[in-house]
Amino acid sequence: MAEVVLRAQLAVAGLAGKVSVDSAGTAGWHVGQPMSSRARGALAWRGLDGEAHRARQFDPAWLPDRDLVLAMDSSNLEALRVLATTKDHGPPSRTDQSHSIRLRLFGDVAGLAGADVPDPYGGNPVEYGRVLDMLQEAMPSLVAQLADVVG
């Protein structure tokens with residue numbers, strides 16, 4: 001849902017095509033599957049379209065091509081840090097350690113005072129709505145920061 005909300009707000013800010021945005025989980029449970037129907041419904045209720053989204057699993061090989069990787073909660077941030085420092089299950093290299101500075105908590109970067117954004121998967125419409133409220137509250141701060149970076 002965060003990817004869809006961010007893309008929409010980047011478009012409103014005139015930054016579509018200037019910032020690359022994608023989404024992936026730290027586990028591969030739903031790889032290739034569409035976004036849950038509840039998430040798509042919550043987005044649609046707010047005029048946003050999640051139909052094109054397909055689940056992917058984060059690959060540490062992507063790190064050199066990413067300026068910033070945002071985790072939605074602390075446990076996923078820790079999982080990303082582990083992935084970044086144990087590529088191919090070997091000991092951390094200098095390059096792997098430098099990637100870890102690009103890994104940040106969404107709540108820290110987007111003005112949520114470090115709050116975790118909960119995963120509403122399997123929840124009810126109210127829970128999905130609360131998460132969307134958090135995302136829509138936080139995205140303007142993130143978009144403003146991205147606008148400063150890309151000009």
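Quick notes on this one:
- Gyration tensor verdict on segment 12-83 (Cα atoms; rounded if a/c is under 1.5, prolate if a/b is larger than b/c, oblate otherwise): oblate
- Unit charges on C-beta of K, R, D, E only; dipole of the chain, Debye: 200
- Between ALA11, ALA55, ALA110, the Gaussian network model of the chain with springs among Cα atoms under 10 angstrom shows the greatest mean-square fluctuation at ALA11.
- Per-selection Rg to Rh, the chain - Cα, Kirkwood hydrodynamic radius: 0.96
- Under DSSP loop assignment and at most 16 Cβ neighbours within 10 Å, longest chymotrypsin sites (Phe, Trp or Tyr not before Pro)-free interval of the chain: 30-120
- Sequence-ordered 3J(HN,Hα) estimates for segment 45-57 from the Karplus curve with 6.51, -1.76 and 1.60 and θ = phi - 60° stand at 4, 9, x, 10, 10, x, 5, 7, 5, 10, 5, 9, 10 Hz, glycine and proline given as x.
- Note on ASP49/ASP73: beta-carbon distance plugged into 1/(1 + (r/R0)^6) with R0 of 35 Å gives a FRET efficiency of 0.90.
None of the figures in this text is laboratory data; all of them are computed from the coordinates on show. Small disclaimer: the values here were computed from a predicted structure and weren't measured. Neighbour counts run over all protein chains shown; Cβ positions are idealised from the backbone, glycine included.
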